[in-house]
Amino acid sequence: MSVVLQAALTAGVPALFAGLIWLLGGYIAPLTRFRGLLSPVAVGGGYLLAHDFVHGRPPFPPTDATHWLFYFALTGIVLGWLAELPADYRWLWGAVTLLVLSWTMVLGFKPLIQSGYWMPVNGTQIIVILTVATWLLVVLVAPNGEQEQGAGLPFLLAALGGLSAGLIFYNKSASLGQLAGSLGAIMGIGVLIGWWRRTFRLGRGAVSLALILMALLWAMAYGYAELPAHSLALLYLAGFSLALTRLKPFMRLHPMARFLLRFALLLALVGIPLWLSFQAYMATQSEYPY
Amino acid sequence: MRQVRKNRWLAYCGGLALLIAPIASANAQRVTYRVDPVHSFVIFRVKHMNTAYAYGRFNSFSGTIVVDEKNPANSSVEFEIDANSIDTGNSQRDDHLRSPDFFNVRQYPKIRFKSTSIRRINANTFEVRGDLTIRGTTRPLTVRVTYVGKGRNPRGQEIIGFETTFTIKRSQFGVSYGLNGGLADEVRVTIAVEAIRQ
């Protein structure tokens, strides 16, 4: 199988899977709660397919810490369903997400302390910071999935996935970059559906799951590949910028202005480190194309 | 009475000496050598795009070889490679090989081999069975090792040389990235060691 065909399959098949699930949800639109339950399956199932294409099915427990993401995607679908709970019970989603996220971060990064790459105190601090930052990102941005309709939010998430894929790729992990790119492609199919059906909503569950998976990929690229801390921080900031529209001053803006503002922020926050990484890669005058 | 006790004590000591003698003699036959990283090499090759072989090496490793010339079954080998020291002559590729796509050196900084049995095949060839651990996955490995020679280095230390070449499938150790992208599964490894008697 050629490299190009493999890359196309890695991004294309998960995106097609997600698209089919979303379309299925569209046809049973009156049952909005059921549609909300299908949406995290689209993201989580798509990610599982992508992971299978890139790494194969990992053993349980995985020998490689980065493969915990595969098992998180499975549990993440359930977390996505919890995100769709009525407002009165939504605290349960927040609490369970924090618990599962903490455990995933510990499983994912404990090996770096065990191997001596991180000192125990520093490592623990990093794990706590990453857990809190990811949880805040998810809790703050997930409501956008419920409030925003059309192609805008899927486009911004697709851009975040695509840009972070490039950033991770140029920081020495093609596989983690491919997985981030696949998440971008899954959201990309959401753009097409949102364009076609202006009432299309990703839903809280799908947005929260996509963001957790992206943030875990960023964190893994920081821990296990060469993604610098400042690039990681900018990726988180770019994620947080999606929630800006829920602040009062931004709510008064025209929807197109809100979209363009967030897209410009995203380009600045992730595009600049991506450009710098690309320049650094080119500066080595290496002929190594992965 | 005192003379009887003295004789009995001497008899005990004599018996003990008879018991210890073969053990001490066995230890005397087992000689420990430490791998000299300056005069040893770990080289590998893997087929790229089903077209040509790409070569690389590991620059940092250590090991201990215990040799029992009279009874090779009593010999043993332990070898440890610093996965971070991979060197293919291209820093971008080396960084990629260190990443989770391949060796994941931050989680698994060492590649290890520990022998479980050794037998002589002919005068200069030995079959070494052992466990090879790469990226947290341990699998049995059997290799043919050639005894190259013995001598003294400029410092007057006794040195011994061995070489082995074997092929592993990287996918069996979880190093599966790029299998579909044109980097072969089979990796041929050559280890040539010069070890100094301790």
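The values are calculated or read from the model by the stated rules, or taken from the named source; none is laboratory data. Since the model is a prediction, treat every value here as computed from it, not as a measurement. Neighbour counts run over all protein chains shown; Cβ positions are idealised from the backbone, glycine included. The area values use the complete protein model at the heavy-atom level, side chains included, leaving out ligands, DNA and RNA. Shrake-Rupley method; radii C 1.70, N 1.55, O 1.52, S 1.80 Å.
Name the one entry in B:ASN50, B:ASN7 that is in a helix (DSSP H, G or I) and either under 27 Å from B:GLU163 (Cα atoms) or modelled with pLDDT of 60 or more (or both).
On inspection, the qualifying residue turns out to be B:ASN7.
Please work out if A:LEU237 is away from every other protein chain (no Cβ under 14 Å), part of a helix (DSSP H, G or I), open to solvent by 40 Å² or more (accessible area, probe 1.4 Å) and modelled with pLDDT of 95 or more.
yes
Only one of these is within 27 Å of B:PHE102 (Cβ to Cβ), more than 14 Å from chain B (Cβ to nearest Cβ) and surrounded by fewer than 17 Cβ atoms within 10 Å (Cβ to Cβ): A:ALA264, A:ALA268, A:ALA280, A:ALA229. Name it.
A:ALA229
Search the stretch A:139-160 for residues that are more than 13 Å from A:MET187 (Cα to Cα) and pair each with any residue that is surrounded by fewer than 24 Cβ atoms within 10 Å (Cβ to Cβ) and at pLDDT below 90 when their beta-carbon atoms are under 6 Å apart and the residues are at least 6 apart or on different chains.
A:GLN149/A:THR199
Scan the stretch B:159-198 for residues that are at pLDDT below 95 and of a type in the set (Val, Ile, Thr) and jot them down.
Of everything in the stretch B:159-198, just one residue is at pLDDT below 95 and of a type in the set (Val, Ile, Thr), namely B:VAL175.
Listed here are the residues, each with its yes/no results for (1) of a type outside the set (Asp, Glu); (2) open to solvent by 60 Å² or more (accessible area, probe 1.4 Å); (3) at pLDDT 95 or above; (4) touching a Cys at 6+ places or on another chain (Cβ under 6 Å).
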site: B:ALA83; (1), (2), (3), (4): yes, no, yes, no
site: B:ARG93; (1), (2), (3), (4): yes, yes, no, no
site: B:LEU97; (1), (2), (3), (4): yes, no, no, no
site: B:ASP101; (1), (2), (3), (4): no, no, no, no
site: B:ILE134; (1), (2), (3), (4): yes, no, yes, no
site: B:THR137; (1), (2), (3), (4): yes, no, no, no
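Considering (1) closer than 30 Å to A:ASP64 by Cα; (2) surrounded by fewer than 21 Cβ atoms within 10 Å (Cβ to Cβ); (3) away from chain A (no Cβ under 14 Å), say which one B:ASP87 fails and leave the rest.
(3)
Suppose we keep only residues that are crowded, with 18+ Cβ neighbours inside 10 Å and more than 10 Å from chain A (Cβ to nearest Cβ) within the stretch B:166-182. Which one would you say is farthest from B:GLN107 (Cα to Cα)?
Of everything passing the filter in the stretch B:166-182, B:ILE168 is farthest from B:GLN107 (Cα to Cα).
Against the conditions (1) surrounded by 15 or more Cβ atoms within 10 Å (Cβ to Cβ); (2) touching a helix residue (DSSP H, G or I) at 6+ places or on another chain (Cβ under 8 Å); (3) free of Cβ contacts under 8 Å to residues at least 12 places away in the same chain, where does A:LEU112 fall short? Just the number, please.
(3)
Looking only at the stretch B:66-81, how many residues end up being part of a strand (DSSP E or B) and surrounded by fewer than 21 Cβ atoms within 10 Å (Cβ to Cβ)?
Final tally of qualifying residues: 5.
So is A:ALA221 within 14 Å of chain B (Cβ to nearest Cβ), under 15 Å from the mean Cα position of the chain (by Cα) and outside any loop (DSSP other than H, G, I, E, B) or not?
yes
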